[in-house]
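Remarks on the structure that follows.
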Amino acid sequence: MSKVAVRTGLGALPARVGIVGCGKISAAYLRRSYGEFTCVACADIEPDRARTLSKSHGLEAMPVEDLLSCEDIDIVLNLTTPQAHVPVGIMALRYGKHLYLEKPLGLDRSEAAELLVTASQANLLVGCAPDTFLGAGLQTCRRLIDEGRIGTPVAAMAHMVNHGHEHWHPDPAFYYLHGGGPLLDMGPYYVTALVSLLGPVRRVAGAARGIGTERMVPSGPRVGDVLKVEVPTHVAGVLDFADGVVATLVTSFDVWRSTVPRLEIHGSEGSLLLPDPNTFDGPVRIYTRGMDDYEDVPLGEFASCERGIGLACLAAGSGENRASGQLAYHVLDVLLGVVESASSGGHVVIASSVDRPQPMAVQLSGE
């Protein structure tokens, strides 16, 4: 591969993607083939990780800056830790690459805004995880809501509760640093799903707490490691949507076991039980006035997809970029507002807004 030319447009598909950050999540982007893009190279600040990924998936392992500046790469897939999302993203944009990154978009509003401004000035696209809302499960829910099957949406409830990522992740330390925690790590799945279904949020209120300032890894390669905790580990929020829906959101790394529902939306004519927004499929269940009980809704009309569908939409062009940087910024704005409200004790008005992404009307060419 040659280097250092600047590209400002997506040419003929498939777009060529270079992965920066070869940790646990990288393999998930390589499980499914989409016709809109192909991964051709990888890089990591730990070269052994890049070499391992390159051998297992037929990629070219490169130093990070060589990948960012390579003229044969159209899109950088930024899978670094949250603390590096914006610095690496801005470098990629300055080399003329379109950018798709893992959530959250940034650690704060100012650096996330800088990322989007840099992209806009260079006429480049930014996309951001999560893209699970584009899967068959939540797209089925979008259709049901848009068809008025539950009437006018009134309320929503979202719960993401467990006892922390140190119980399963091989390298969990960063989940407890600034930019992590249950709200900023897992909250984007739930809030992105709600915004895609119900529209933008106008104000929030929140409360938060944590258990101690350290955690110990109980098993795995880091067993016995003591993790510094910089973020709240239990956060509860109330989200007031622009269209009047009131949602409750609870994210926690302090719950051993629970039976609370993952995600529900209730309307004037019925109720909708949604799938886990960290997945792409069902089950979806609906109850409407006069029924005896909930009934299952088939997902067959929507294509099955996996992680990478948001990247495929970006590669298809600006009109298809559903998991956009603008959506990710609004979600970040909401989540940070919940944290700020927990500190101030008052409501926080959300300054940003975003249109609901267009539903997935057709299958992508790789499906």
With angles folded into 0 to 90 degrees, how steeply does helix 85-94 sit against the dominant principal axis of the chain? Use alpha carbons for both and round to 10. 50 degrees
For the chain, modelled as a GNM with alpha-carbon contacts under 10 angstrom, which of L144, L116, L67 fluctuates the most? L144
So how far apart, in nm, are the two label points at E230 and E214 if each is 7 Å from Cα heading toward Cβ? 1.8 nm
For n ≥ 4 DSSP H runs only, could you compute -39500 (n - 2.57) per run for the chain, divide by its residues and tell me the 222 nm figure to the nearest 500? -8000 deg cm²/dmol
Does a label point 7 Å from the Cα of H163, set along Cα-to-beta-carbon, have any residues of the stretch 188-212 with amide nitrogen under 14 Å, and which are they? none
How many angstrom lie between the C-alpha centres of the stretch 89-151 and the stretch 252-295? 25 Å
Magnitude of the Cβ-charge dipole of the chain, K/R +1 and D/E -1, about the Cα centre, nearest 20 debye? 220 debye
Counting DSSP beta bridges with both ends in the chain, the antiparallel % (nearest 5): 60 percent
Computed FRET efficiency, Cβ-Cβ of D296 and E71, R0 45 Å: what is it to the nearest 0.05? 0.35
How compact is the stretch 27-130 by the rule of thumb for globular proteins, expressed as Cα Rg over 2.2 N^0.38 Å? 1.04
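Could you give the length gained on full extension between E340 and N123, defined as 0.36 nm per residue of separation minus the Cα-Cα distance, in nm? Write out the running numbers ahead of the final one.
Working: separation 217, 0.36 × 217 = 78.12 nm, distance 3.27 nm.
Between E340 and N123, full extension yields an extra 74.9 nm.
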What's the carbon and sulfur percent of the chain's accessible surface, probe 1.4 angstrom, rounded to a whole number? 52 percent
Per the C-alpha gyration tensor (a ≥ b ≥ c, the square roots of its eigenvalues), the stretch 92-234 is rounded if a/c is under 1.5, else prolate if a/b beats b/c, else oblate; here it's oblate
Roughly how much of D225 is accessible, in Å² to the nearest 10, using a 1.4 Å probe? 60 Å²
Return the FRET efficiency for the residue pair V260, D108: r is the Cβ-Cβ distance, R0 is 45 Å, and the value is rounded to the nearest 0.05. 0.90
Please tell me the relative contact order of the stretch 224-367 in percent, rounded to the nearest whole number, where contacts are Cα pairs under 8 Å and at least six residues apart. 12 percent
Restricting to Cα pairs below 8 Å that are 6+ residues apart, what does the relative contact order work out to for the chain? Please round to a whole percent. 21 percent
The answer for A303, listing residues at least 5 apart or on another chain whose modeled amide H is closer than 5 Å to its amide H, is none
Could you work out the relative contact order of the stretch 223-273, using alpha carbon pairs under 8 angstrom and six or more residues apart, expressed as a whole percent? 24 percent
To the nearest 0.05, the calculated FRET efficiency linking A242 and R289 through their beta-carbon distance, R0 being 35 Å, is 0.85
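Convex hull over the alpha-carbon atoms of the chain: what's its volume per residue in Å³?
Enclosed volume per residue, from the Cα hull, is 131 Å³.
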Kindly give Rg over Rh for the stretch 273-367, based on alpha-carbon atoms, with the Kirkwood expression for the hydrodynamic radius. 1.07
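The values are calculated or read from the model by the stated rules, or taken from the named source; none is laboratory data. All values derive from a computational prediction rather than experimental measurement. In this analysis, Cβ positions are derived from the backbone assuming ideal geometry, glycine residues included, and neighbour counts consider all displayed protein chains. Side chains included, ligands, DNA and RNA excluded: accessible areas come from the protein's heavy atoms. Shrake-Rupley method; radii C 1.70, N 1.55, O 1.52, S 1.80 Å.
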